[in-house]
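The values are calculated or read from the model by the stated rules, or taken from the named source; none is laboratory data. Predicted model only: the values in this text are computed from it and were never measured. Cβ atoms come from the backbone with ideal geometry, glycine included; neighbour counts cover every protein chain shown.
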Amino acid sequence: MHATLILVRHGQSQYNLENRFTGWRDIDLTEAGRQEARQAGIQLKGEKIDLAFTSTLVRAQHTLDIILEECGLQTIPVIKDKALNERSYGDLEGLNKADTAAKYGAEQVHIWRRSYDIAPPGGESLKDTCQRVIPYFVSHILPHLAKGENVLIVAHGNSLRALVMFLENLSPEEIIKKEIATGVPQRYVLDDEKLQSLKKAQLSS
């Protein structure tokens, strides 16, 4: 038996367009973002998807809605949970990235954005994000995959980065270099052996 897990990062948001830190700010998609979602849906048309998970943020939910509409899968179960929300950028949320670099220094902003375990002021590090995303995945999503159900997750750059780190057994150094493109489906075909190894990895961490 095997199951397919599909990950999609939401399409471009208004803050992506404006080069702002978004985090937990509930910012919707741009027209370009909606088109990215449509393209993702076109790519997934004909795929067997049994249920979907997304965050509590509107940009991910709207991306999922568009994908499911394109695929004719509007009636499948959809579970929304804040565990899949984007990493919080704390005090930086809403600020322009270039302006923030001018204020704090480009090197400091790069550390906040790309280090594994250093959080921006008032926000989360990628390590913090992993510590909420991975347990949620193991307890709420992995059981569906273990039953052979195919699952679609539409979430955010950093919540998906946390998942990819776990699924691919990447080091902190490897994951911080990995980019997750907007609106591009990423598939994982998981057999029994891989599913068992993911359960064991969580238990031993």
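The residue that is surrounded by the fewest Cβ atoms within 10 Å (Cβ to Cβ), counting only those in the range 38-52 that are touching an Asp or Glu at 6+ places or on another chain (Cβ under 7 Å) and within 17 Å of His144 (Cα to Cα), is Leu51. On the basis of being surrounded by fewer than 19 Cβ atoms within 10 Å (Cβ to Cβ), under 16 Å from the mean Cα position of the chain (by Cα) and under 20 Å from Val151 (Cβ atoms), does Thr75 make the cut? No.
Within the range 172-194, can one find any residue that is under 18 Å from the mean Cα position of the chain (by Cα), closer than 24 Å to Ile111 by Cα, surrounded by fewer than 14 Cβ atoms within 10 Å (Cβ to Cβ) and polar (S, T, N, Q)? No, every residue in the range 172-194 fails to be under 18 Å from the mean Cα position of the chain (by Cα), closer than 24 Å to Ile111 by Cα, surrounded by fewer than 14 Cβ atoms within 10 Å (Cβ to Cβ) and polar (S, T, N, Q). Annotation: Ile27 fulfils all but one of (1) without any contact (Cβ under 8 Å) to a residue 40 or more places away in the chain; (2) part of a helix (DSSP H, G or I); (3) over 22 Å from His144 (Cβ atoms); the unmet one is (2). One residue stands out among those in the range 166-185 that are among the hydrophobic types (A, V, I, L, M, F, W, C) and out of contact with any Phe, Trp or Tyr (no Cβ under 9 Å at 6 or more places or on another chain): the one that is nearest to Leu73 (Cα to Cα), which is Val184. When Ser159 is tested against the conditions (1) at pLDDT below 95; (2) among the polar types (S, T, N, Q); (3) within 18 Å of the chain's Cα centre (by Cα); (4) under 24 Å from Ala52 (Cβ atoms), the lone failure is (1).
Rundown of residues vs (1) at negative phi; (2) out of contact with any helix residue (DSSP H, G or I) (no Cβ under 9 Å at 6 or more places or on another chain); (3) part of a helix (DSSP H, G or I), yes/no style:
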residue	(1), (2), (3)
Asp99	yes, yes, yes
Lys103	yes, no, yes
Pro120	yes, no, no
Glu124	yes, no, no
Cys130	yes, no, yes
Glu174	yes, no, yes
Ile180	yes, no, no
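Comparison of Ile42, Ile66 shows that the only residue that is more than 18 Å from the chain's Cα centre (by Cα) and assigned to a helix (DSSP H, G or I) is Ile42. From the list Ala146, Ala119, Ala83, Ala60, which one is surrounded by 15 or more Cβ atoms within 10 Å (Cβ to Cβ) and in contact with a strand residue (DSSP E or B) (Cβ under 6 Å, 6 or more places away or on another chain)? Result: Ala60 is the single residue among Ala146, Ala119, Ala83, Ala60 that is surrounded by 15 or more Cβ atoms within 10 Å (Cβ to Cβ) and in contact with a strand residue (DSSP E or B) (Cβ under 6 Å, 6 or more places away or on another chain).
Out of Thr56, Thr75, Thr63, Thr4, which single residue is free of Cβ contacts under 8 Å to residues at least 12 places away in the same chain and under 26 Å from Tyr188 (Cα atoms)?
Working: Thr56 fails: free of Cβ contacts under 8 Å to residues at least 12 places away in the same chain; Thr63 fails: free of Cβ contacts under 8 Å to residues at least 12 places away in the same chain; Thr4 fails: free of Cβ contacts under 8 Å to residues at least 12 places away in the same chain.
Result of the check over Thr56, Thr75, Thr63, Thr4: Thr75.
Here Ala102 meets each of (1) among the aliphatic types (A, V, I, L, M); (2) free of Cβ contacts under 8 Å to residues at least 24 places away in the same chain; (3) under 18 Å from Ile180 (Cβ atoms) with one exception, condition (3).
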